[in-house]
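The values are calculated or read from the model by the stated rules, or taken from the named source; none is laboratory data. Values in this document were obtained by computation on a predicted structure and should not be read as measured data. Using ideal geometry, Cβ is built from the backbone for each residue, glycine included, and neighbour counts are taken over all protein chains shown. Surface areas here come from the heavy atoms of the whole protein model, side chains and all, with no ligands, DNA or RNA. Shrake-Rupley method; radii C 1.70, N 1.55, O 1.52, S 1.80 Å.
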Amino acid sequence: MPTCFESPRKQYNNRIKKEDSERRLAVIRKTYENAIANGDRNVYFISGENFYAESDPFACTVDNVHPNDCGFYHMAKEIRKTLEPIFDKICEK
C-alpha cells in the first residue's frame, strides 16, 4: 500500500514561529527518509513548498495560513503529480 508524506508549506506569521515550522518539516522528512532507509519502496514525499509556487502565496490563502479556493486548486495540482503515477501503477495490475 502506498504511503504519502506531505509537508506543509513554510509559513511564518505571528502565530507560527519559523523554528516550529522548520521542526515540523524536519520530522516529516526524517520519517519519510527512515521508511526509505528501512527498505520501503512504496513511500512518496510531497513538498508543500511547491503548492503556491506558480502564483502569489497571499492570493492563495484567506489569512496567510488557510488555503482559499485558489490555494486548494494549486495544492491539488501539485499533489496530483505524485498521486497520478501511483494510481496508474495500481490500475495496471
| message | Please give the charge dipole size of the chain, origin at the Cα centre, charges +1 on K and R Cβ atoms and -1 on D and E Cβ atoms. Round to the nearest 20 debye. | response | 300
| said: What is the percent carbon and sulfur in the accessible area of the chain, measuring with a 1.4 Å probe over the protein chains and ignoring ligands? | reply: 55
| task | Return one whole number: the accessible area per residue of the chain in Å², for a 1.4 Å probe. | result | 70
| field | Approximate spin-label separation LEU83-ALA37, in nm, with each point projected 7 Å along Cα-to-Cβ | value | 3.0
| field | Percent RCO, i.e. relative contact order, over the chain, from Cα pairs under 8 Å lying at least 6 residues apart | value | 29
| request: Can you give me the P(r) profile for the chain? Cα pairs, bins 10 angstrom wide beginning at 0, each as a whole percent. | output: 15, 39, 33, 12, 1
| Leaving out ligands, DNA and RNA but keeping every protein chain, what accessible area does LYS18 have, in Å² rounded to the nearest 10, with a 1.4 Å probe? | 100
| field | Reachable aspartates and glutamates from LYS77, criterion Cα separation under 19 angstrom, eight or more residues apart if same chain | value | GLU6, GLU49, GLU54, ASP56, ASP69, ASP88
